[in-house]
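Presented below is the structure to which this report refers.
Every number here is computed from the coordinates shown, using simple stated rules; none is lab data. Remember, predicted model here, so these are calculated numbers, not experimental data. Reconstructed Cβ throughout: ideal geometry from the backbone, glycine too, with neighbour counts over all protein chains shown.
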Amino acid sequence: MTSLFDASITNEHNPRRFVDAASVPYIVLPPKGFKHAKLGDFATVVNLRNGKIGSAIVADESAPELPMGEGSIALARVLGIDPDPRSGGVEKGIAYVIYPGSGNGRPRALDEIVSTSQAHFQRWGNLAMLRGCLDRDMRGHSPR
C-alpha cells in the first residue's frame, strides 16, 4: 500500500487503489522530504553511474530514520538497477529532481508521468543544470 492512492476506489483492500510498484515508477520520501514536495508531485531520477534517466511520481512516505532515496521496482528497472526488493537497489549514485507543486495529489498513468516529468526536466535545465548543482554541492556550496 502506498500513501498515494486512488480515492475513487473506496475498498481499502483493493490493490488497484494503490500505486503498483511493479508497473509505475515512483519515489518514496522520508517525512522531511515533504517540506517542499507533496504526494503526487512529479520527479526525474538519474542514475549517475550509468547515465540512465527515469521519470517518476512521489507516491509514498518512508519511516523518518530512513535516508532519502527509495524507489519502486519499475523505477529501478528504468534506471538499470537490480529491482529485487530484498537484494537489489544501490546505496549511492542516484540523483532526484522533484518538481514541487507539480502534481494533483492523485496517481497518474505511466504515459502522463513520463511526458510531464520530461517536460519539467527540460524546463528546469536538464542534465546540464543537474551537473552544475552536483558540482557546486561537491565544492561545499548549496545546490540550486
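Would you work out the charge dipole size for the chain about its Cα centre, treating the Cβ of every Lys and Arg as +1 and the Cβ of every Asp and Glu as -1, and quote it to the nearest 20 debye?
Dipole magnitude for the chain comes out near 500 debye.
Once you mark the GluC sites (Glu not before Pro) that are in a DSSP loop and have at most 13 other Cβ atoms within 10 Å, what is the longest gap between them in the chain?
Result, exposed sites excluded: 92-144.
Once R0 is set to 30 Å, what does the formula 1/(1 + (r/R0)^6) return for the Cβ-Cβ distance between residue 23 and residue 127, expressed as a FRET efficiency to the nearest 0.05?
0.70
Taking only Cα atoms, what is the 0 to 90° angle, nearest 10, from helix 110-124's long axis to the longest principal axis of the chain?
The angle comes out at about 30 degrees.
Note the angle between two axes, namely the Cα long axis of helix 126-138 and the longest principal axis of the Cα atoms of the chain, as a number of degrees from 0 to 90, rounded to the nearest 10.
So the helix axis and the longest Cα principal axis differ by about 70 degrees.
Using only the Cα atoms of the chain, construct the convex hull and provide its projected area averaged over every direction, in square nanometres to one decimal.
8.8 nm²
For a quick check of your reading of the filter: which trypsin sites (Lys or Arg not before Pro) in region 51-143 sit in a DSSP loop and have no more than 15 other Cβ atoms within 10 Å?
Of the trypsin sites (Lys or Arg not before Pro), the ones in loops of region 51-143 whose Cβ has at most 15 other Cβ atoms within 10 Å are 52, 86, 92, 139.
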